[in-house]
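Written below as structure tokens is the structure these notes are about.
The values are calculated or read from the model by the stated rules, or taken from the named source; none is laboratory data. If you're wondering where the values come from, they're calculated on a predicted model, not measured in any experiment. With ideal geometry, Cβ positions are generated from the backbone for all residues, glycine too; neighbour counts draw on all protein chains shown. SASA here: full protein model, heavy atoms, side chains in, ligands and nucleic acids out. Shrake-Rupley method; radii C 1.70, N 1.55, O 1.52, S 1.80 Å.
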Amino acid sequence: MPGLTPGSGLDDDMTDTNLDPNAYSPGRLMFRQALTHRGLLLGFFIVASVVFVAIFAPLLAPHDPYEQVLSRSLIPPIWSDHTDVTWEHILGTDHLGRDYLSRLIYGARISLMIGFSAMVISGIIGTTLGVIAGYFGGRVDMVISFFITTRLSMPVVLVALAVVSLVGSSLTVVIWVLGLLIWDRFAVVVRSATQQVRGRDFIASAEALGSTTPRILIFEILPNIANHIIVVATLEMAHAIILEAALSFLGLGVQPPDPSWGLMISEAKGLMFFDGWLIAIPGTALFFLILAINLLGDGIRDVTAPENKA
């Protein structure tokens, strides 16, 4: 082309684009935005660290979290100026002489297990109802909206307390009770997202080609609302962890001697004015885990926003 030299800017841009055709693809742009999103990176780092600690708890815990040594009860953490401080128990011991660091590490397992399991159960229920209501509309939407409204009218904590007190408290019961109570946000968000996708041209094309309804729902609609589901999943996982801690604090969640963070706070409430670190340590761990999960969800929402894919 006349007027263009090998060193011109336009020629360089064309060469760069030809060498890397995916340089401006939505996937690469999303990845670059994720690498520069501080909240997303911080949340991912904390959550990944807690997951790592939970998976390798038997290797990382310095002591048996269930072992009781009453002669070594209420040893303060190493930053205390008490004479009983020892590096053998970095975070001290509880009222039964159990190593607090070991119980904190194993408590991460229970919190993540309950949060993830309850999120999966509620996600399956809420996503299914939301997709069906948003796709079919009409009377189907009215019936499902009635169920959603009914669920929203029930306070989660009170219902969970009533059910657990009647059925009995155990790890399995807590997971199922929470999973069956926190699906409403999935249903509301997925229903709205499905209604937006329902009128797109590719849905009409799939219907014209004779695709079955289950195929359209699974292979056409779900992939296009996946970002909404992921964001809600992170929020509901944090919600489930908080609810489990509340139930355990009230004595109706995870039962002793399992090391739940909420149960650790409950066991220490009688000593909060004398040994405040017994509440501060699991409370701080719970705070940072919930904060990290919410930062991760907000970051995913920001990165996967439709305006960022153009």
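So here's what we get for this one:
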| item | result |
| --- | --- |
| Length released on extending from Met142 to Ala305, taking residue separation times 0.36 nm less the Cα-Cα span | 55.8 nm |
| ³J(HN,Hα) computed for each position of segment 38-51 - Karplus, 6.51 cos²θ - 1.76 cosθ + 1.60, integer Hz, glycine/proline x | 5, x, 5, 5, 5, x, 5, 5, 5, 4, 4, 5, 5, 4 |
| Area of His37 that stays accessible when all protein chains are in place (1.4 Å probe, Å², to 10) | 50 Å² |
| Average accessible surface area per residue within the chain, 1.4 Å rolling probe, Å² | 54 Å² |
| Alpha-carbon radius of gyration plus Dmax, which is the widest Cα pair, for segment 152-283 in Å | 20.9, 72 |
| Rounded to the nearest 10 Å², the accessible area of Phe219 at probe 1.4 Å | 130 Å² |
| Scattering profile of segment 213-266 at q = 0.21, 0.28 Å⁻¹ [log10 I(q)/I(0), Debye over alpha-carbon scatterers] | -0.71, -0.96 |
| Contour excess over end-to-end distance, with Cα ends at Glu67 and Leu41 and 0.36 nm allotted per residue | 5.7 nm |
| Label-point separation in nm, Ile230 to Arg32, each point 7 Å along Cα→Cβ | 1.9 nm |
| Mean shadow area of segment 160-238 over all directions, Cα convex hull, nm² | 6.6 nm² |
| Computed lengthening from Leu180 to Gln195, 0.36 nm per intervening residue step minus Cα-Cα distance | 3.0 nm |
| For segment 143-149, 3J(HN,Hα) per residue [Karplus equation, 6.51 cos²θ - 1.76 cosθ + 1.60, θ = phi - 60°, Hz, x = Gly/Pro] | 5, 5, 4, 5, 5, 5, 5 |
| Approximate shape of segment 62-185 as ellipsoid semi-axes (Cα gyration tensor, √5λ), whole Å, largest first | 46, 14, 11 |
| Computed label-point distance, nm, for sites Leu209 and Asp84 using a 7 Å Cα→Cβ extension | 7.1 nm |
| Accessible area, probe 1.4 Å, largest first, for residues Ser80, Ser248 | Ser80, Ser248 |
| In nm, spacing of pseudo-spin labels at Phe116 and Phe288 (7 Å Cα→C-beta vector) | 2.0 nm |
| Descending semi-axes in whole angstrom, ellipsoid equivalent of the chain, from the Cα gyration tensor | 46, 31, 13 |
